[in-house]
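Here's the structure, in structure tokens; my notes come after.
Read-outs throughout are calculated quantities, based only on the coordinates presented, and are distinct from any laboratory measurement. This one's a predicted model, so the numbers in the text were calculated from it and none came from an experiment. We place every Cβ from the backbone using ideal geometry, glycine too, and count neighbours over all the protein chains shown.
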Amino acid sequence: MSGHDKKLFVKTYGCQMNVYDSERMTSALAGRGYVTTDTPDDADLILLNTCHIREKAAEKVYSEIGRLKPLKADRPDLRIGIAGCVAQAEGEVILDRAPAVDLVVGPQSYHRLPEMLDRMARGERPLETDFPVEDKFDHLPAVKRGRRAPSAFLTVQEGCDKFCAFCVVPYTRGAEASRPADQVMREARDMVAQGVVEVTLLGQNVNAYRDADGVTLAQLVRRLAEIDGLDRIRYTTSHPNDMDADLISAHAEVPALMPYLHLPVQAGSDRVLKGMNRKHTAAEYVALIERVRTARPDIALSGDFIVGFPGETEEDFQATLDLIAAVNYAQAYSFVYSPRPGTPAAGRSFVAPEVASERLQRLQALLTEQQYAFQSAMIGRVLPVLLEKPGRLPGQMVGKSPYLHAVHLDAGADMTGRIVDVSITATGRNTLSGVLV
Ligand code: SAH
Ligand code: SF4
Ligand code: F3S
């Protein structure tokens, strides 16, 4: 190999799985002599790991390519690659629409990257968007770094068979597939050896996890909890229909499993849920939440909501507000419906944008109120906080509560990676503050 390292700049959009994939791609390219840089200005290779979930997310990619183009005029050797869900969804179209792009790779083909670099060096513009039969994680090197941040993502499941009428994920990530539990255990142990104390298991439908030997997510969680030094386990994102009794019990029985559940429902009207192809009713969802709360009364609940789905009336929207009032969320994400090409709902007549954004405001006002109430209820309590990184002020550290709150405190020293008891004294909009006890 040549004597000097080449520089790689990766920009990650979208969900946590993209964050994890970017790390794995970075390790794969490290094997090819690439070191990471935090600016595109001195990069030899720029990779945009993209998201296709809403129109805005997808369009961001083209504006970013437009911003990067002048760099290429100055440095003809610079190469630009597009990875992620836009790459998968648009493929060839990107190469046609953006001549500055040299490579396009979909999420199931990342193990092909090194070979694609060779093709690029020969002057090709390689495109890989097949769904290969082999498991990319068998071929991608593990993330190797001396010391890692205390909290890490670990993809255990990928893809989706649910086909919600609004969603591109089944098309961009492919069919549901679960990594073998042994492989996950190995990776988790390696992470712990590198200083990780909290692992968030990732999957588009993580609770549908079932490996070839029939190991379920609940069983995987119980096995992971046995790893010495792995103090905290989380998982995201779950689908209501895959929330089985054993997983609910795990929330009561496994202390390392954090009291937090992200369980999107999208809407509270059965008519809209049917149009969305969610395959459950609002009442079934609320009943499920009750079972989860029986197992773990203090659990923090989080959700995703879409307003302005085709056909949504004011009455339907009210049903969503009613559901939110009934569940009482600790935190939530909400979006105006964005029609996505190729999805079943794309052709349906949609709600006027000003009506949809007005509904979003009302919905977010309610969710913000609930979030603030949940945070305020923490004041005066002592919470175990995982210290993740130094804060902005000297001596300050930022950590995470079991309920996924960011917590600021004066630690006096860098105690990254430790779990300490913190007495919560105040809440801001999105963060708590407290003092060491
Ligand atoms: N697998 C996860 C994540 C899907 S994407 C899940 O099932 O929840 C994250 C969220 O984006 C979804 O839950 C949904 O609320 C939102 N979303 C997906 N497609 C959308 C669209 N076309 N318009 C608006 N929001 C969308
Ligand atoms: Fe998309 Fe629905 Fe699958 Fe979630 S469950 S990834 S919203 S199709
Ligand atoms: Fe976006 Fe793909 Fe994740 S569309 S949300 S990056 S699965």
| Spin-label zone in segment 364-388 - amide nitrogen under 19 Å from a point set 7 Å from the Cα of A325 along the C-beta vector | 364-374
| request: Note down the net charge around P353, summing +1 for each Lys or Arg and -1 for each Asp or Glu among other residues with Cβ under 14 Å from its Cβ. | output: -1
| request: Could you pull out every residue, at least 5 positions away or on a different chain, whose amide H is within less than 5 Å of the one on Y235? Hs are placed 1.01 Å off N in the peptide plane, and Pro or chain starts have none. | output: L201
| query | Which helices pass in the chain if a helix is a full DSSP H run, must span at least 24 angstrom along its long axis by Cα, and must have mean Kyte-Doolittle hydropathy not below -1.0? | reply | 55-74, 353-376
| Kirkwood hydrodynamic radius (C-alpha pairs) into Stokes-Einstein, the chain, 10 °C and 1.306 mPa s, D in µm²/s | 68
| query | Can you tell which of G106, G195, G66 shows the greatest fluctuation in a Gaussian network model of the chain with Cα springs below 10 Å? | reply | G66
| said: For K7, give me every one of the lysines with a C-alpha distance below 21 angstrom, ignoring sequence neighbours fewer than eight places off in its own chain. | reply: K69, K72, K144
| said: Below 9 angstrom from the Cβ of R340, what's the summed charge of the other residues (Lys, Arg +1; Asp, Glu -1)? | reply: 0
| note | Residue separation between R147 and K274 times 0.36 nm, minus their alpha-carbon distance, gives in nm 41.0 nm
| query | In straight Cα distance, which lysines are under 30 Å from K274, not counting same-chain residues fewer than 8 positions off? | reply | K56, K162
| message | Between D161 and L71, what is 0.36 nm times their sequence separation minus the Cα-Cα distance? Round to one decimal in nm. | response | 28.3 nm
| For M185, what is the net charge nearby, where nearby means another residue's Cβ is under 13 Å from its Cβ and Lys, Arg count +1, Asp, Glu -1? | -2
| remark: At the level of C-alpha centres, the distance separating segment 85-126 and segment 1-77, in angstrom, is 12
| remark: Length-normalised contact order of segment 242-387, Cα under 8 Å, at least 6 apart, in percent, tallies to 23
| field | Cβ-based exposure ranking for R54, R381, in which fewest neighbours within 10 Å come first | value | R381, R54
| field | Order of D316, D130 under a 10 Å beta carbon neighbour criterion, fewest first | value | D130, D316
| note | When V351, V422, V143, V286 are arranged by how many other beta-carbons sit within 10 Å of their Cβ, fewest first, they go V286, V143, V351, V422
| note | Residue by residue through segment 264-280, the couplings from Karplus 6.51 cos²θ - 1.76 cosθ + 1.60 with θ = phi - 60°, in Hz, x for Gly and Pro, are x, 10, 6, 7, x, 9, 4, 4, 5, 4, 5, x, 7, 6, 7, 6, 8
